[in-house]
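First comes the structure, then the notes that go with it.
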Amino acid sequence: MASVHESLYFNPMLSNGVVHANVFGVRDWVTPHKMALLVLLSELGRAGAQLGLLERRRLNRLLLPLLQGPDMALSRLRKAIEECCPHLAGSVHIRLKLMAEGELKDMEQFFDDLSDSFSGTEPEVHKTSVVGLFLRHMILAYNKLSFSQVYKLYTALQQYFQKDEKKDGADENEMELTNPEELDGKMEKEELDGPLREEEIACSGPLSQKQAEYFLSQQASLLKNDETKALAPASLQKELNNLLKFNPDFAEAHYLSYLNSLRVQDVFSSTHSLLHYFDRLILTGAESKSNGDEGYGRSLRYAALNLAALHCRFGHYQQAELALQEAIRIAQESNDHVCLQHCLSWLYILEQKIFDSCVLLEHSVNKSLHFGLPYLASLGIQSLVQQRAFAGKAANKLMDALKDSDLLHWKHSLSELIDISIAQKTAIWRLYGRSTMALQQAQTLLSMNSLEAVNVGVQQNNTESFAVVLCHLAELHAEQGYFAAASEILKHLKERFPPNSQHAQLWMLFDQKIQFERAMNDGRYHVADSLVAGITALNSIEGVYRKAIVLKAQNQMSEAHKLLQKLLIHCQKIKNTEMVIRVLLSIAELYWRSSCHTIALPVLLQALALAQEYSLQYLASETVLNLAFSQLILGIPEQALNILHMAIEPVLAHGAVLDKGCAMFLVAKCQVASAASYTPQKKIEALESAILNLNEAKSYFAKVDCKEQLRDVLYFQARLFHTLGRTQERNKCAMLFRQLHQELPAHGVPLINAFK
């Protein structure tokens, strides 16, 4: 980043044909582009009733961004006017041509005639309107120019018009040399670009104060609501450096530079810009004017608080704690309760990295409500709900707490927190294994409209909440075998959150996980292994777990066991209960594959106890299915069938398609094993029922293209059909089994020794 001090004493009196006074003293100045706008307003007043209602409405919508935005080339301005009213665009061009090719007195006469717009009992323009204020500012700025500056302005106008004429001549020559098909392609591309995209507006000189404020507010709004429409990080930083050259004390530009640096995770530049923002805020006296003698101290304590938040975001917890202590000290000296409540919230965030404590958070919520800080209070409630969810509290109590926070959101129109609350509910239902409820919450958020006013064409909700919900939605579709729909959602996520955006890591992780599951289902373990590195880069715990799954599938039992044991110890240390249960289930499966069925039982009972303690219903159901499989292997299929009836309902209601298939396959195995002691007639009925369950399992496995499980089901069905004497069905299953067996040769593991 270029130094903001390099032009500290630069006074751009004339830069690139733009005449203006010192940027620190004048809010606006006359430029050739603004003269073109004045001509447009003059012609608009002359046209009067000749313009249709639709044309006038389009022009009125066009005027505001033109008046507030940066200067642009005349050709682009003409194109924008032509799209609204072609006749008026021609009049503006002729008027500018007469002025540019005429004499200096023509420009003088033009500015003298502008004052007539305010005369009369019913003036064309009201003095206090947006257009009226713009006209008065331009007239005043022009009257303050010296004769030499007026001449330079006239010369700049001639150059501005001549550039447009040269461009038109070059375009005509190019049209003669270009074939019609290429020309149509170029025209389509220009039409798609649109007339007023901020990215394509290149400012030839310094912006006025109003233009700079409009540019900064627009970019800040886009960074919050729709990052894809904002300038690219490098382009935005270039524009900000250009602004800071002409006015190094522009505090808001430093703050936008800080936000821009956060987008690309640039720790040095973001810290540098944040410190300069508060330095300039103190130097310019902006805080002192609005807050009296407290302004200086207020800037210091909020500077320390923002610095603590910045360090916490980048994982520098010791530096964050030091900055937070400084903010608390200054806030206590100034008796600033609002700042102290923000400090208390950040203190909880820092301390939860070391130990879990709800005391600080509960105190923060109570104090925030007492001092009338609904935003902070709601964030505290959200954090409490999240912590209680990981602690295994009942879902109904958590939803009641979120309902209370929702009342605060709707009462104070806190749309961002409404989104966060719904995303939180989605994640909680996913944690508890209620995929149907999670899907409902996700759809609720996606169908909502934002309460915040944003410009037309801007995505209203490009926030982290929407990224989280869309990622869950993609995973839910993939689990149900709708891979095409999941791909469409991920494609939308990639467009909405580009790889350089701050929330891109969310969809990157889910994309890698979905690809991993598909590769494992398809038996392409080498592909799954290649995806592990990407998952590990985004989430180390998930990466290690997936590596162990690949090793287990490749029959590298000892390596997989060592990896799972290390991961188990780490997850128990950081209290990641969900992953602890998943690791225990994988370890139990390793024991089955090694024919150590009795050793697997205590591991499964430990997993079941944890799942029930932390209210993880789906994981508890999955653990019960594993226990039933263990009982089947140990020769007690009747008991296995009894406990299966307790666990299979949540799996069929909320489970992934693969889990449903495994559950139905297990039921069929238990039915066949139990039928050995039945009477012949009852045995036939049991086998028929098992075949129906196998058909259901086969449909589930086919939906996710799980070829190994399909092969096992076909083998089992062929044996059952053979027992029942149904030769035709047996031969069909045997043929399909042979095809899959040749495509996926067995790894030497008996078919009965695998639940999944």
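The values are calculated or read from the model by the stated rules, or taken from the named source; none is laboratory data. Worth saying up front: this structure is predicted, and the values here are computed from it rather than measured. For neighbour counting, all protein chains shown are included, and Cβ atoms are generated from backbone atoms with ideal geometry for every residue, glycine included. Note: accessible area is taken over every heavy atom of the protein model, side chains too, but ligands, DNA and RNA are not part of it. Shrake-Rupley method; radii C 1.70, N 1.55, O 1.52, S 1.80 Å.
The heavy atoms of Glu362 present about 80 square angstrom of accessible area, all protein chains included, probe 1.4 Å.
Quick one: pull the percent of accessible area on the stretch 32-166 belonging to carbon and sulfur, 1.4 Å probe, ligands and nucleic acids left out.
Summing carbon and sulfur atoms, their accessible area is 53 percent of the total for the stretch 32-166.
Accessible surface comparison of Phe314, Phe278, probe 1.4 Å, protein chains only, largest first: the order is Phe314, Phe278. Take 107-114, 402-409 and order them by the average number of nearby Cβ atoms within 10 Å per residue, most first; the result is 402-409, 107-114.
Using alpha carbons only, how many angstrom separate the centre of the stretch 62-110 from the centre of the stretch 377-414? When both Cα centres are located, 56 Å separates them. With coordinates expressed along the principal axes, the C-alpha atoms belonging to the stretch 470-566 extend over 43, 28, 19 Å, beginning with the largest. Here the accessible area of the stretch 471-608 is 55 percent carbon and sulfur, with a 1.4 angstrom probe and all protein chains present.
Using a 1.4 Å probe and counting only protein heavy atoms, arrange His503, His526 so the residue with the most accessible area comes first.
His526, His503
Compute the accessible area per residue over the stretch 32-166, keeping the other protein chains in place, probe 1.4 Å, unit Å².
53 Å²
When each of the peptides 439-447, 156-164 is scored by how many other beta carbons lie within 10 Å of its residues on average, the order from highest to lowest is 156-164, 439-447. Each listed q (0.09, 0.16 Å⁻¹) maps to a log10 I(q)/I(0) for the stretch 32-166 from the Debye sum over equal C-alpha point scatterers, namely -0.25, -0.85.
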